[in-house]
Amino acid sequence: MKNNDNWWKKSVVYQIYPRSFNDSNGDGIGDIQGIIEKLDYLKLLGVDVIWLSPVYDSPNDDNGYDIRNYQKIMNEFGTMADFDQMLDELHKRDMKLVMDLVVNHTSDEHEWFVQSKKSKDNPYRDYYFWREGKDGKEPNNWGSIFSGSAWEYDEPSNEYYLHLFSKKQPDLNWENPKLREDVYQMMKYWLDKGIDGFRMDVVNMISKQPGLPDGVQSEGQLYGDGGQYFMNGPRIHELLQEMNHEVLSNYPIMTVGEMPGATPEDAILYTDPDRKEVNMIFTFEHMDLDSAPGGKWNLKPLNLVELKENLTKWQSALHSKGWNSLYWNNHDQPRIVSRFGDDQKYRVESAKMLATCLHFMQGTPYIYQGEEIGMTNVKFDSLEDYRDIETINMYNERMALGYTHEEIMTSIYAKGRDNARTPMQWDTSENGGFTSGIPWIKANPKYKEINVKNALNDSQSIFYFYQKLIAIRKEMDIIIDGDFQLLLKDHPEVFAYERTRKDESLIVLCNFSANELVIEDEELANKFPEYHLLLSNYEAGKTTSLRPYETVVLKK
Ligand code: NOJ
């Protein structure tokens, strides 16, 4: 790539969830010094950008996504001196740092909110959404994403404030220019320190429909769905363009907006470089395909044809018009090998297959800590062992609605966010070597088998496979800018696609099943003789048949 401004197109990002990554001081909570200890490990993997989930001062109602002070490091994680050292150590290794920017809401303990709550005429009152009740009830029928109403009553002022997430995460009012100016100053503080970009938490929710109208309330639902009035709202593009103009455009950084509810059409508007908003967004569409109506806890098996259609739609829509981010995992999603792969017999094969399927597409790939060693979902027997506010609130709400414990636990095992948040598994010592103390959340008992130490000692491990994928991406421009074409569109078990660039071509075949399959497609079979094998997760085999979870990449 000639243009250095687009360095993020060739990068592979690794997400660190600091609380669960590595504890250096034995308090059971991961920390910044713990991250520094592992930078050589990340360098060995080959990733060039780290996205760090929030490390700011926070009362941790939502593990740091409720920020009390944007310019202070959370005590449990260390100090600003630790942070500066980490940034320096990263840069020394030619790696970059992307910070989480959480500005749809603050903590209710943030000074702005503390002021705002003091009185109706406090200058900070309008930094948040304060409204009078309607007919003795909440101002509208919106439900919070973390269960219950999205409004919390404040007795002294007889008004409610809006919180789309927990009641300790009041939403900021981006209509207020003073608030925007304060946020921009804070962003500059971090950028002037030399960080390399922002991952913007639910940033497409910062523009709310004026009047905050009621959402549609489906039968059996306790609250209305206000999504259409707070996602991709009326001023969202204007606000992002202002942020870009005031702050982002002055730095050589990368930006990725987390955007639930965004379609490929929205994504073009957000990521078209000429519009100057953000570089890429996180879509949720492919992550919603195994949910039935009513939300993520209502389980539905994945239909591979739908997944193929969906990812193809994104690949085509953004090709030369914007840019995709590519991900299977993050701190909010269950582990992909348990979700779309097989975390038992074919754990290694399916983890490599899933990685291949994603990493050969066009976009910037994101790897979530532990994905590179094939970490799996966890099943704790008791709710007491769960820590995530979303999970706990949902459990209580569904119990009150009459669901059984077993039904709810089935959903939690499949979709709970704590699946991704158990401690990183470094070795076979107690708690996977994450801490010498008592971890804030129990380790996944599989650490005895699945851990970094074992992975590094096995040349066939998932780790070395990821290392290879990252290295290949850096060498082959066809992966960065080649065309994408879906093959075997209706095949229920194989995800196959072709990337082409001038006279070069890559064919990627991925068996998403435990069945041995013969590919009966003449057109494809005719192509095979011209190609040679670039990568596979098995010892060399025949290209016309695929073993369980086999993946093959062919090159012409
Ligand atoms: C999205 C984050 O990824 C998630 O972890 C968090 O709970 C919500 N936004 C609220 O900040």
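Just checking, which of Thr428, Thr422 is open to solvent by 10 Å² or more (accessible area, probe 1.4 Å), β-branched (Val, Ile, Thr), part of a loop (DSSP other than H, G, I, E, B) and in contact with a helix residue (DSSP H, G or I) (Cβ under 9 Å, 6 or more places away or on another chain)? Steps first, answer last, please.
Values: Thr422 fails: open to solvent by 10 Å² or more (accessible area, probe 1.4 Å).
Among Thr428, Thr422, only Thr428 is open to solvent by 10 Å² or more (accessible area, probe 1.4 Å), β-branched (Val, Ile, Thr), part of a loop (DSSP other than H, G, I, E, B) and in contact with a helix residue (DSSP H, G or I) (Cβ under 9 Å, 6 or more places away or on another chain).
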Here the residues within the stretch 286-337 that are in contact with a Leu (Cβ under 9 Å, 6 or more places away or on another chain), of a type in the set (A, V, I, L, M, F, W, C) and within 16 Å of the ligand (Cβ to nearest atom) are Trp328
Enumeration of residues in the stretch 15-49 that are within 16 Å of the ligand (Cβ to nearest atom) and either in contact with a Leu (Cβ under 7 Å, 6 or more places away or on another chain) or part of a loop (DSSP other than H, G, I, E, B) (or both): Ile16, Tyr17, Pro18, Phe21, Gly30
Inside the stretch 262-365, counting only helices (runs of 4 or more DSSP H) that do not spill past its ends, which hold 3 or more residues that are of a type in the set (A, V, I, L, M) and touching a residue at least 24 places away in the same chain (Cβ under 8 Å)? 264-271, 304-318, 347-359
Those residues that are open to solvent by 10 Å² or more (accessible area, probe 1.4 Å) and either at positive phi or within 16 Å of the ligand (Cβ to nearest atom) (or both), I need them from the stretch 164-185; list them, please. Phe165, Lys167, Lys168
Within the stretch 124-144, the count of residues that are over 27 Å from Lys72 (Cα atoms) and assigned to a loop (DSSP other than H, G, I, E, B) comes to 9
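Name the single residue that is farthest from Trp130 (Cα to Cα) among those in the stretch 208-232 being in a loop (DSSP other than H, G, I, E, B) and within 16 Å of the ligand (Cβ to nearest atom).
Taking the stretch 208-232 first, the residues in a loop (DSSP other than H, G, I, E, B) are 208-215, 217-223, 226, 231-232.
Right, trim to within 16 Å of the ligand (Cβ to nearest atom) and you get 208, 226, 231-232.
Working: Lys208: 13, Gly226: 17, Met231: 19, Asn232: 21 Å.
Step by step, filter the stretch 208-232, then rank; the result is Asn232.
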Residue set Asp94, Asp88, Asp121; condition part of a helix (DSSP H, G or I), more than 16 Å from the ligand (Cβ to nearest atom), surrounded by fewer than 20 Cβ atoms within 10 Å (Cβ to Cβ) and of a type in the set (Asp, Glu); output residue Asp88
State which residue is most open to solvent (accessible area, probe 1.4 Å) when the search covers only the stretch 385-403 and only residues that are away from the ligand (no atom under 16 Å from the Cβ) and assigned to a loop (DSSP other than H, G, I, E, B). Tyr403
Filter result (of a type in the set (Gly, Ala, Ser) and surrounded by 21 or more Cβ atoms within 10 Å (Cβ to Cβ)) within the stretch 189-237: Gly197, Ser207, Gly226
Pairs please, first residue from the stretch 377-402 and closer than 15 Å to Pro445 by Cα, second anywhere and of a type in the set (Ser, Thr, Tyr) and away from the ligand (no atom under 16 Å from the Cβ), Cβ atoms under 7 Å, 6+ apart in sequence or on different chains. Asn377/Ser338; Asn377/Tyr413; Lys379/Tyr413
Give the residues of the stretch 52-67 that are more than 12 Å from the ligand (Cβ to nearest atom) and part of a loop (DSSP other than H, G, I, E, B), sorted by residue number. Val55, Pro59
Looking at Glu76, Glu109 in this structure, which one is in a helix (DSSP H, G or I) and not small (Gly, Ala, Ser)? Glu76
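The values are calculated or read from the model by the stated rules, or taken from the named source; none is laboratory data. Model, not experiment: these values are computed from the prediction. Glycine gets a Cβ as well: all are built from the backbone with ideal geometry, and neighbour counts include every protein chain shown. The protein model used for the area step is the full one, side chains on, heavy atoms only, and it has no ligands, DNA or RNA in it. Shrake-Rupley method; radii C 1.70, N 1.55, O 1.52, S 1.80 Å.
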